[in-house]
Amino acid sequence: METGLKGKVVIVTGGASGIGLATARRFALEGCRVASWDVKDGEAQEYGIFQRVDVTSAASVESAVEEAAARLGTVYVLVNNAGILRDGQLVKYKDGALAGVMSDEQFDAVIGVNLKGVFTCTRAVVPRMIQGGGGVILNASSVVGVYGNFGQTNYVATKAGVIGMTKVWARELGKYQIRVNAVAPGFIATEMVQQMPEKILQSMLGHTPLGRMGQPEDIANAYAWLASDQASFITGTVLSVDGGVVTGT
């Protein structure tokens, strides 16, 4: 089936590893020109370029968008995939005494990358999409943004916020032929998820009807489909790719 993506320019944030890397590769298979952004080391791929970008910095993002457009052409797809974890309970008591709290640093770091980063990147790219006649913005939410998760006040806040921004931007940008959707992964076999305590991972797998973790390629395939002409009448939605975990909860 024709996807309409061949030759399109795609930016993938958090593209050095995990879901981001799988997504960059997936768009390359569609014949896209890809700019992968990350703060970690990465290598320029045959299908595009690697740029070291701090998504929390407006100056870094604006400079990277300008460079990507100059080298590859008008940006058509932005995948806001970059994200971090800094888990901890809001307040933890042990033996009747306060044992810890989620620190300001933990909260602010996650908000900065997972929420402000999505805002900063989208704000920088949208004017170019408008000038180019349209585009697609795809935001990484999470199933925990829908139903919450123990020990993840900061992370859940960002993923719920991403859903809200997705719906706002779908309303604001539709008149410019820009579609905005979110993908809500379940538990995917990435380095970030595998940092979670084994007890929590096993608990979540127990609530997943398919009984396994997803693979980064599962999410990459969802992004590619939502960006394609096959999804041309879909905007403002949140697509759960979670093995049924929400159903099983």
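The values are calculated or read from the model by the stated rules, or taken from the named source; none is laboratory data. Everything numeric in this text was worked out from a predicted model, so none of it was measured. Cβ placement follows ideal geometry from the backbone for every residue including glycine, while neighbour counts extend to all protein chains displayed.
Do the conditions hold for Y76, that is, is it over 12 Å from V12 (Cβ atoms), part of a strand (DSSP E or B) and touching a residue at least 60 places away in the same chain (Cβ under 8 Å)?
So Y76 passes the test.
From I188, I137, I130, I178, which residue is under 30 Å from T208 (Cα atoms), in contact with a strand residue (DSSP E or B) (Cβ under 9 Å, 6 or more places away or on another chain) and at pLDDT 95 or above? Don't jump to the end; show me each part of the working.
Values: I188 fails: at pLDDT 95 or above; I130 fails: under 30 Å from T208 (Cα atoms); I178 fails: under 30 Å from T208 (Cα atoms).
When all the criteria are applied, what remains is I137.
Six or more apart or on different chains, Cβ atoms under 8 Å: show the pairs whose first residue is in region 58-70 and closer than 18 Å to V34 by Cβ and whose second is small (G, A, S) and crowded, with 18+ Cβ neighbours inside 10 Å.
V61/A124; A64/A35; V65/A124; A68/A35
Just to be sure I understand, how many residues within region 127-151 are buried (at least 17 other Cβ atoms within 10 Å of the Cβ), out of contact with any Phe, Trp or Tyr (no Cβ under 8 Å at 6 or more places or on another chain) and outside any loop (DSSP other than H, G, I, E, B)?
The total comes to 5.
In region 50-67, what count of residues is obtained for those that are surrounded by fewer than 18 Cβ atoms within 10 Å (Cβ to Cβ) and hydrophobic (A, V, I, L, M, F, W, C)?
2
Among the candidates K40, K92, K116, single out the residue that is in a strand (DSSP E or B) and out of contact with any Pro (no Cβ under 6 Å at 6 or more places or on another chain).
On the way: K40 fails: in a strand (DSSP E or B); K116 fails: in a strand (DSSP E or B).
Within the list K40, K92, K116, the selection yields K92.
Would it be correct to say that A70 is of a type in the set (G, A, S) and either surrounded by 13 or more Cβ atoms within 10 Å (Cβ to Cβ) or touching a strand residue (DSSP E or B) at 6+ places or on another chain (Cβ under 7 Å) (or both)? Give the steps one after another, and end with the answer.
Details: of a type in the set (G, A, S): yes; either surrounded by 13 or more Cβ atoms within 10 Å (Cβ to Cβ) or touching a strand residue (DSSP E or B) at 6+ places or on another chain (Cβ under 7 Å) (or both): no.
In short, no.
Can you name the condition, by its number, that P209 falls short on among (1) surrounded by fewer than 13 Cβ atoms within 10 Å (Cβ to Cβ); (2) part of a helix (DSSP H, G or I); (3) not β-branched (V, I, T)?
Only one criterion in (1) surrounded by fewer than 13 Cβ atoms within 10 Å (Cβ to Cβ); (2) part of a helix (DSSP H, G or I); (3) not β-branched (V, I, T) is unmet by P209, namely (2).
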